């Protein structure tokens, strides 16, 4: 299949405005004849649903949580980028565009990223108008901070909870439309299948998580805004409920999956403390401004620390290896996320990791505390230090923090064209669940930007074009495709409920996570990936034989919910491995050990891999078909990143 | 492992909203002090699943203290014995080996039990749907720096905005009153210039919805602000009262 | 529904009634206390009985007294309404409740404390207010030398079936001011001479102290009064004046009179 990205003609800076003009409009009186289904209520979903309802469309919104405000956008800490140039420090739409393309290691579409940069400024205006309490200066104007991957201060923030404040803004806009009757909200509903009628997405099958009732919902278009799939690794900074089911179901119905192997692994997370661990907690990367990363020089000393015979503070300066400062003298501890993460892994693999499990490196503030005094450090990072103390019971003012990388964000997702439409007409993907704007690595403070740009400022235009094209003829659930899809869901649920084996679903999930982390994590190679594929296939076969699912469908049944999600994760895991295996280059978050520079840095292969890998489902247990969208760079020059 | 604990759990089990429910006692054995409270329940649940029995249902999602989905009334207090944290951030080292821990759901008419420890908090959504927003459409808004907001006001609005909608205030209040929650939401927008045009309509609509949901009234015991994981202050409640009485006595907007 | 009824039927409106009536009652306590301090005078109850007459016959005060009765009734009634609603808000309680971890004992027990006070008020008003207005009270005749106000003679006039007329005049012959008044003082002294009555009073005043410890500052909060700089003053006043000094002085009266009969004071 030829992938048409529908990138508009013309100069980069004019593409979006020209495109907006060329898109068809829906007459205001006709808008109320359309129904749009939105799955997911995070930044992308809530903003899209509210904006579309404001335009006059009827919107149905679904979320699996007990309230739309719980979506995991809430957990973003740092901030949101916007090319406002309020600092007069040389920022511009073009610079944000350039930084994002470069940060993504030249694996994103120019036109999409430029649009994102253009809309970034509108997002801030919109959020302020809604009452989002961004940080301000004494003069009453908005404050900014700087973030990794750029040389300007363009990040707007609301203390350490920018994500929550932005989501509450979108949620309030959504609430207003619920009150107006334009949005019908379905909490505690999970989408379990997409319904395609005559080649077009026209509805979904949901399960009411309280009663277990399966419901069919019809709409003129279906928007997926269901977030990332980082939980395929079991341990990640994602919420426990974050899952791939909605996009995976859509994928199996014909939506191509773009770049599934692009995963962002964040270097500063609180390390795993034991087998019981259910989730990892991120700490803002701003900590690396003052913290120094080190491990002991020798394995013997690391062993002593692991056994509790030696305290970190007793390790002499000469016995410490500040490996980031040693290897990257000019960037030091402030190298990008992927580089910092990989180096931590190297140190641990070398047997020099610390902490009880040996899977951690130190982030030491003692120099900074000596230089600036404890109060200064407290003022800057107080709440992060408190959080660390709360979780680990170690006082980071006295002992160095232990940190380790953790899965944080997935750049891959459903393949979408410039209009955010997937390969199924009428099915759209917004926010983290699409693959679009971050290439192979996302810059800090850009996820919030993308989710809101998609929801507030892109989809209201591009969806109109599609809807005007298909016309307002009513859709309902009487088409046999709905009954068929519902039957398929029922069968699947019944099969799951019949599983009375001897291994819990969590055990499978943990096992999958181990495989993914070991072979498809921070560093990947052919042998490992090939092995992983076999392991995952075996795991899948075993799951459908030996998993334990209890209870019945007609109740709140978290065992059943989890089983369905993990089953989908297992299948996705295999596709991620396929994708990682085929991409024999390193780029951004995808590091193939076979493709590195002499100094051990990621080495791209632009001649052979400057494309988006869009995977097509061809049938159960069949290999997926690879489709390529070649990336054309008309404005930026592709270069090798160096942080020496 | 040494230092691990054995605990007795008294857990409220209730099959569904209409079931009568009751306490069931479980043993939680070999619990690491580094586990979070929810991870301890995960361990108990894994055990139950292996026996083919229904696990204990409880709400949780982000497990980093910000989504507000986790709840649990632990040993007589919402979110357990420690201040300013949610249950997911409570670690087992806060308990003693051999201790008996009583775990109950949030109790309030407005928060009916769905199953076991999971309750329905959609009343909070409905209160905000009644008016917890600034009525602006997407697009066509002024530049973000057009309105200067004094830092103290922005900070105070932020303090109110940190509410995570978990419902601990209702659970803690002997009257099951939602005043702290509602007032935090009302305050955020009442403080900011963007919220002024609808200020007096909003407070009346939201209070009316709060009453309609069946929450109790505030008697100023102050339990809510002590138990709030985000340390939202009772000042918000008094601010809302001023706005409410001002609206009723002196303003034209009536709802 | 009118805007007025709508306002007062909200949970906040109902609480406003509690606050306004409660604060009015607290203010009344101050007046009541000042008047009752006359009991400590060693004048055979002259000042006290004159004060009692004044309080029951001066028109503005009479009007205020009706507001007072209404306040008591409303305060108690609305407390009942609010309690019923609050109980409905949590029909299933907690098996384990650790209220002391997050709130004061007073704040959690206002209903019990209030009920004790209501019972006390009923007994108190039956003993004195009812007796004064409807009972067959003895009278007292006081003759005070105009040239020497300290020279007061007191003559009890026991009730003989015909109520006397309250009168105050100057006898030009003797040059003395004569006051004939209902002898409420005697009723008070008789009542406070009984130990159980003294104990009832002291316990009630302790309850009042706890009630006002929470109630006084809470009343202000319910009105929306809350200020970083000024609210601490309200709390201070609530603690020292309303929950300690006033109840203590009220409690001192029965104790004083009780001990006085044995000549202990």
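The values are calculated or read from the model by the stated rules, or taken from the named source; none is laboratory data. All figures in this text were calculated on a predicted structure; none of them were measured in a lab. Cβ sites come from the backbone with ideal geometry, for glycine too, and all protein chains shown count toward neighbours.
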Within segment B:143-201, the count of residues that are part of a helix (DSSP H, G or I), more than 30 Å from residue C:91 (Cα to Cα) and either touching a residue at least 12 places away in the same chain (Cβ under 8 Å) or out of contact with any strand residue (DSSP E or B) (no Cβ under 9 Å at 6 or more places or on another chain) (or both) comes to 21
Scanning segment A:184-195 residue by residue, those closer than 15 Å to residue A:71 by Cβ and either touching a helix residue (DSSP H, G or I) at 6+ places or on another chain (Cβ under 8 Å) or at the interface with chain B (Cβ under 8 Å from one of its Cβ atoms) (or both) turn out to be A:185, A:187, A:190, A:191
Being crowded, with 16+ Cβ neighbours inside 10 Å, touching a residue at least 40 places away in the same chain (Cβ under 8 Å), over 21 Å from the mean Cα position of the chain (by Cα) and more than 14 Å from chain C (Cβ to nearest Cβ) narrows B:31, B:66 down to just B:31
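What about residue A:239, is it within 15 Å of residue A:562 (Cβ to Cβ) and either outside any strand (DSSP E or B) or touching a helix residue (DSSP H, G or I) at 6+ places or on another chain (Cβ under 7 Å) (or both)? Give the steps one after another, and end with the answer.
Values: within 15 Å of residue A:562 (Cβ to Cβ): yes; either outside any strand (DSSP E or B) or touching a helix residue (DSSP H, G or I) at 6+ places or on another chain (Cβ under 7 Å) (or both): yes.
Considered against the rule, which asks whether it is within 15 Å of residue A:562 (Cβ to Cβ) and either outside any strand (DSSP E or B) or touching a helix residue (DSSP H, G or I) at 6+ places or on another chain (Cβ under 7 Å) (or both), residue A:239 comes out as yes.
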Considering segment A:120-130, residues that are within 11 Å of chain B (Cβ to nearest Cβ) and in contact with a helix residue (DSSP H, G or I) (Cβ under 9 Å, 6 or more places away or on another chain), and then whichever is nearest to residue A:85 (Cα to Cα), we arrive at A:121
Within segment B:46-60, of all residues that are at the interface with chain A (Cβ under 8 Å from one of its Cβ atoms) and assigned to a loop (DSSP other than H, G, I, E, B), the one surrounded by the most Cβ atoms within 10 Å (Cβ to Cβ) is B:59
Picking from A:456, A:466, A:519, the residue that is touching a residue at least 60 places away in the same chain (Cβ under 8 Å) and touching a helix residue (DSSP H, G or I) at 6+ places or on another chain (Cβ under 7 Å) would be A:456
Scanning segment B:209-225 residue by residue, the ones that are assigned to a helix (DSSP H, G or I) and more than 7 Å from every other protein chain (Cβ to nearest Cβ) total 5
Only one of A:158, A:173 is assigned to a helix (DSSP H, G or I), within 10 Å of chain B (Cβ to nearest Cβ) and within 25 Å of residue A:77 (Cβ to Cβ), namely A:173
Going through segment A:586-608 in order, the residues found to be in contact with a helix residue (DSSP H, G or I) (Cβ under 8 Å, 6 or more places away or on another chain) and either surrounded by 22 or more Cβ atoms within 10 Å (Cβ to Cβ) or closer than 30 Å to residue B:47 by Cβ (or both) are A:587, A:588, A:589, A:590, A:591, A:592, A:602
*Does residue A:455 meet the test of being closer than 29 Å to residue A:8 by Cα, modelled with pLDDT of 95 or more and exposed (fewer than 14 other Cβ atoms within 10 Å of the Cβ)?*
no
Of the residues in segment B:226-255, those that are crowded, with 19+ Cβ neighbours inside 10 Å, more than 8 Å from every other protein chain (Cβ to nearest Cβ) and under 17 Å from the mean Cα position of the chain (by Cα) number 6
Residues of segment A:60-97 being away from chain B (no Cβ under 13 Å) and either without any contact (Cβ under 8 Å) to a residue 12 or more places away in the chain or within 30 Å of residue A:211 (Cβ to Cβ) (or both), in sequence order, are A:60, A:62, A:92
Picking from B:113, B:43, the residue that is over 14 Å from residue B:168 (Cβ atoms) and within 14 Å of chain C (Cβ to nearest Cβ) would be B:113
Based on what the data block shows, is residue B:120 more than 14 Å from chain C (Cβ to nearest Cβ), at pLDDT below 95 and surrounded by fewer than 22 Cβ atoms within 10 Å (Cβ to Cβ)?
no
Condition set touching a residue at least 24 places away in the same chain (Cβ under 8 Å) and assigned to a helix (DSSP H, G or I), scope segment A:469-482, selection surrounded by the most Cβ atoms within 10 Å (Cβ to Cβ): answer is A:482
Regarding segment A:215-236, can at least one residue be identified that is buried (at least 24 other Cβ atoms within 10 Å of the Cβ), away from chain B (no Cβ under 14 Å) and assigned to a helix (DSSP H, G or I)?
yes
Within segment A:382-418, of all residues that are touching a residue at least 60 places away in the same chain (Cβ under 8 Å), assigned to a loop (DSSP other than H, G, I, E, B) and touching a strand residue (DSSP E or B) at 6+ places or on another chain (Cβ under 8 Å), the one nearest to residue A:576 (Cα to Cα) is A:412
Quick one: would you say residue A:371 is within 14 Å of another protein chain (Cβ to nearest Cβ) and either in a helix (DSSP H, G or I) or surrounded by 16 or more Cβ atoms within 10 Å (Cβ to Cβ) (or both)?
no
**Prompt:** What do you reckon, is residue C:229 assigned by TED's automatic domain parsing to the domain that holds residue C:256 and either under 29 Å from residue C:57 (Cα atoms) or part of a loop (DSSP other than H, G, I, E, B) (or both)?
**Reply:** yes
Among A:443, A:452, the single one that is part of a loop (DSSP other than H, G, I, E, B), touching a strand residue (DSSP E or B) at 6+ places or on another chain (Cβ under 9 Å) and under 21 Å from residue A:101 (Cβ atoms) is A:443
Might you check whether a residue that is assigned to a helix (DSSP H, G or I) and within 13 Å of chain B (Cβ to nearest Cβ) occurs anywhere in segment C:242-263?
no
Subset of segment A:415-438, residues within 12 Å of the chain's Cα centre (by Cα) and either more than 30 Å from residue A:380 (Cβ to Cβ) or at pLDDT below 95 (or both), comes to A:430, A:431, A:433, A:434, A:435, A:436, A:437
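Listed here are the residues, each with its yes/no results for (1) without any contact (Cβ under 8 Å) to a residue 24 or more places away in the chain; (2) in contact with a strand residue (DSSP E or B) (Cβ under 7 Å, 6 or more places away or on another chain); (3) under 27 Å from residue A:602 (Cα atoms).
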position	(1), (2), (3)
A:113	no, no, yes
A:127	no, no, no
A:140	yes, no, no
A:169	no, no, no
A:172	no, no, no
Here the qualifying pairs (Cβ atoms under 8 Å; residues six or more apart or on different chains; first in segment C:77-96 and at the interface with chain B (Cβ under 7 Å from one of its Cβ atoms) and crowded, with 20+ Cβ neighbours inside 10 Å; second assigned to a helix (DSSP H, G or I) and at pLDDT below 95) come out as none
